[in-house]
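Engineer: Next up is a structure, given as structure tokens.
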Amino acid sequence: MRFPGMKIPWKSTVSAIPYVLPLFIISISVLSCVAVAKAQDADNSTQAAATPPEASTCNGIYVVYTFTSREKEYPMVKNASAQAWAFKSQLYVLNSGADDLKSWMVHVGFQYNEMLVAIDGANSMDMDLPGRVGKNGTVLFGYPQQDLLTAIETASDYNQMQATVDIRGTQFGLMKGTPMPKTIKLVNEGYKCPAPVQHRTSMNICCKKDPKFKSKPIKSKFSPRRHGDLSLTYDVIKVFEGNYEAQVTIENLHPLGRLDHWNLTWEWMRGEFISSMRGSYTRVKDSSECIFGPQGIYYHDLDFAQIMNCQRNPVISDLPKQMADDDKLGKLPFCCRNGTILPPTMNVTQSKSVFQLTVFKMPPDMNRKTINPPQKWKITGVLNPDYKCSPPIRVDPTQFPDTTTQAISTAVATWQVTCNITRPKKKQSKCCVSFSSYYSESVIPCNTCACGCNNQPRTCDANANALELPPDALLVPFDNRTLKAKAWASLKHHSLPKILPCPDNCGVSINWHVDTDYSTGWTARMTLFNWRQDPFQDWFAAIEMDKAFVGYENVYSFNGTRLSKPKNTIFFQGREGLTYLMGETNGSRPDSPRVPGKQQSVISFLKKNNYGIKVSHGDGFPTRVFFNGEECALPKEFPKRNGSLRKLTGFNFVLSMLSVGIMTMFFVL
């Protein structure tokens, strides 16, 4: 196989044989000695294997990971699993297929508690450097070379067909052998990858187009726009020598997605800095990094006191509502909402946020054509789902309708970042759910450490199961539940562990109570508790009912809507005048515990067309619960029967609903 740039001067080589041959023999002898020495010291470094033969037979995307070397790091310890090793490796991606590969992305499944320190030729989608990747691996994406073209359209110009990524990091836990990753895989949409071929110091894989994948035809040289839960668009709207103006649009596309007091951050890769902004601001206004950096040397006549931000990783926030009509900072459609982006399910016009910024560039990128969008986009909210964002991809320029004429203006260049909601990991939720029912005296509370226990003192057990509680315990903070939990355990003859379980540590909790079960229908009561000091404005909740969705009839104190997506989901929000979920307040007496903000409603279900439902066997409980877009942690079990079931006749159900209506009237008044 011939590699790019390889030239062999055959004539001069033949004429030089009489002179080179003695040196060649001596070199072979020296290299043999070196090889023996290195074989005796295999722990200090491992040589990369030769390029596997599979490369020449791959008609797709060829990916190879090669472990180059490693050496012990300080501190030197006796415990082999705690010894740190500095390692070097390389990732190679080659487009040997017939289609361009846009925005290549490769997952490397590190497994030896690795920490990446430096990456040259790519960026990590999952973390900032230095960062831990040794449990779930990381996804590397190309930067600055994002797209890999084909040999056909480049005449085998490998500079446009391949990407080489040099990786440097620290590895733990393997005294001998080669710390190879579990797997490597191309994660671009529309490709299928087999298991990688393993070698001693390398692994390679050939990923090919999935014949079943149907992609939309590309009508331009740019990538098609992608659909995600959240779409962020970086539009360059004006360009000048040395600087440009850009507009960022954040658009919520998920029916349950939401952001409150959003913070957006990215990383400048070429020394850029933000001169001014409209519709938003940076959390830190500091020009010292420019003054004492290369920016201050190049822009020696610039008044940096007027510069908005010089950080490589600025944190950007939305402006408050009162700034919407400000002539300098506002006057921009969809700006200045105090960081609230609602789902389109609630309000389409408030599901978008826009701001503009002026960006100054650094040499050698001073001409108008050279624009490098920021990388490593991340966006977070106060109590909202976590989003995982893709690298920016170049797409067709955005079109903007002119409000004064019939003309349409276009952006100079546009990049799109798509972010998708990730399900919270165990003990990393932001809200939780408790279960109770009319046929059980005990409440199944939120799981222990449902929202984390990282800073919890050792006076409680972070891994113990939560204790069952009496119903009235849900109304008091966790610190005041200990006596109630002990008394309840004694009353029910439950054993108590020596160390009691830790609290759930959730700022929001939801109780789902199965209230009645009769021959033609049943009811549940959902109660929201806000244990935080701050209220939630325009709150919403959603429940997924796999078995009971078809029987949903009505909700009496909230507004309820059936959703087609996500499947089997009912969407609740406060009625007019009840859109605030108040924060925690003081009790009625100085010695009383604090009282959470609370809202509740009864929800009725019919058994018509759903006669097989078994409410008391778990079918009457939701399978997923969301609050303000965040998925809440559910209990591990359902309430147990501890007495005769209280079934209602149709007449008794009417009386029950009538009492609910009277309570609702009192609640509203």
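Engineer: In the chain, if the dipole is taken from +1 on Lys/Arg beta carbons and -1 on Asp/Glu beta carbons about the Cα centre, which of PRO397, PRO130, VAL93 is farthest to the positive end?
Structural biologist: Of PRO397, PRO130, VAL93, it is VAL93.
Engineer: Can you give the calculated 222 nm mean residue ellipticity of the chain, where each DSSP H run of n ≥ 4 adds -39,500 (n - 2.57) and the sum is split over every residue, rounded to the nearest 500 deg cm²/dmol?
Structural biologist: The helix contribution divided over the chain gives -3500 deg cm²/dmol.
Engineer: Continuing with this model, one more query. When DSSP beta bridges are limited to those with both residues in the chain, what percentage is antiparallel, rounded to the nearest 5?
Structural biologist: 90 percent
Engineer: What FRET efficiency comes out for ARG168 versus SER317 if R0 is 35 angstrom and r is the Cβ-Cβ distance? Round to the nearest 0.05.
Structural biologist: The calculated FRET efficiency here is 0.55.
Engineer: While we're on this one: With charges only on Cβ, +1 for K and R and -1 for D and E, what is the dipole size of the range 211-274 about its Cα centre, in debye, rounded to 20?
Structural biologist: 700 debye
Engineer: As I understand it, the dipole of the chain uses +1 on the Cβ of Lys and Arg and -1 on the Cβ of Asp and Glu, about the Cα centre. Which of MET366, ILE291, PHE334 lies farthest toward its positive end?
Structural biologist: The residue sitting farthest along the positive end of the dipole is PHE334.
Engineer: For the range 397-482, state which trypsin sites (Lys or Arg not before Pro) are in a DSSP loop and have at most 16 other beta carbons lying within 10 Å of their beta carbon.
Structural biologist: LYS425, LYS426, ARG458
Engineer: Then there is this: For the chain, which DSSP H helices look membrane-span-like by this rule: Cα extent along the axis of 15 Å or more and mean Kyte-Doolittle of at least 0.0?
Structural biologist: 17-40, 650-668
Engineer: So, with +1 on the Cβ of K and R and -1 on the Cβ of D and E, and no other charges, what is the size of the charge dipole of the range 447-552 about its Cα centre, to the nearest 20 debye?
Structural biologist: The calculated dipole for the range 447-552 is roughly 480 debye.
Engineer: Which of VAL77, PHE536, CYS193 sits farthest toward the positive end of the charge dipole of the chain, with +1 on the Cβ of Lys and Arg and -1 on the Cβ of Asp and Glu?
Structural biologist: Towards the positive end, the residue furthest out is CYS193.
Engineer: If you don't mind, there's one more thing I want to ask. Report which label in (1) 110, 69, 52; (2) 90, 89, 53; (3) 113, 68, 61 holds the value of Cα extents along the principal axes in Å derived from the coordinates of this structure.
Structural biologist: (1)
Engineer: If the reach is capped at under 17 angstrom between alpha carbons, list the aspartates and glutamates near LYS492, excluding any in the same chain fewer than eight residues apart.
Structural biologist: Answer for LYS492, where 17 Å is the Cα cut-off: GLU441, GLU468, ASP472, listed by chain and number.
Engineer: A follow-up question, please. Placing unit charges on C-beta atoms (Lys and Arg positive, Asp and Glu negative, everything else neutral), compute the dipole magnitude of the chain about its Cα centre in debye, rounded to 20.
Structural biologist: In total the dipole reaches around 1780 debye.
Engineer: Something else now. Can you pick out the pairs among LYS209/LYS376; LYS182/LYS388; LYS208/LYS430 whose Cα atoms lie more than 31 Å from each other?
Structural biologist: Table pairs above 31 Å Cα-Cα are LYS208/LYS430.
Engineer: Test of understanding: extend the Cα→C-beta vector of LYS209 to 7 Å, then name every residue of the range 179-199 with backbone N under 16 Å from that spot.
Structural biologist: The answer is 188-193.
Engineer: Cross-link candidates for LYS331: which lysines have Cα within less than 23 Å, leaving aside residues fewer than 8 places away along the same chain?
Structural biologist: Within the straight-line limit of under 23 Å, LYS331 reaches these lysines: LYS238, LYS285, LYS321, LYS352.
Engineer: List the trypsin sites (Lys or Arg not before Pro) within the range 492-574 that fall in a DSSP loop (any state other than H, G, I, E or B) and whose Cβ has at most 10 other Cβ atoms within 10 Å.
Structural biologist: Here the sparse-neighbourhood loop sites are LYS498, LYS567.
Engineer: Now, a different point. Would you kindly find the accessible area of MET175, with a 1.4 Å probe and non-protein molecules such as ligands, DNA and RNA excluded, rounding to the nearest 10 Å²?
Structural biologist: Rounded to the nearest 10, the figure is 80 Å².
Engineer: Binning at 5 angstrom from zero up to the longest distance, how are the C-alpha pair distances of the range 106-178 distributed in percent?
Structural biologist: 4, 15, 22, 19, 14, 11, 7, 6, 2, 0
Engineer: Now, a different point. Kindly provide the chymotrypsin sites (Phe, Trp or Tyr not before Pro) of the range 173-282 that DSSP labels as loop, not H, G, I, E or B, and whose Cβ sees at most 16 other Cβ atoms within 10 Å.
Structural biologist: PHE213
The values are calculated or read from the model by the stated rules, or taken from the named source; none is laboratory data. Predicted, not measured: the structure shown is a model, and the values here were computed from it. Backbone-built Cβ (ideal geometry, glycine too); neighbour counts: all protein chains shown. Ligands, DNA and RNA are excluded from the accessible area calculation, which covers all protein heavy atoms including side chains. Shrake-Rupley method; radii C 1.70, N 1.55, O 1.52, S 1.80 Å.
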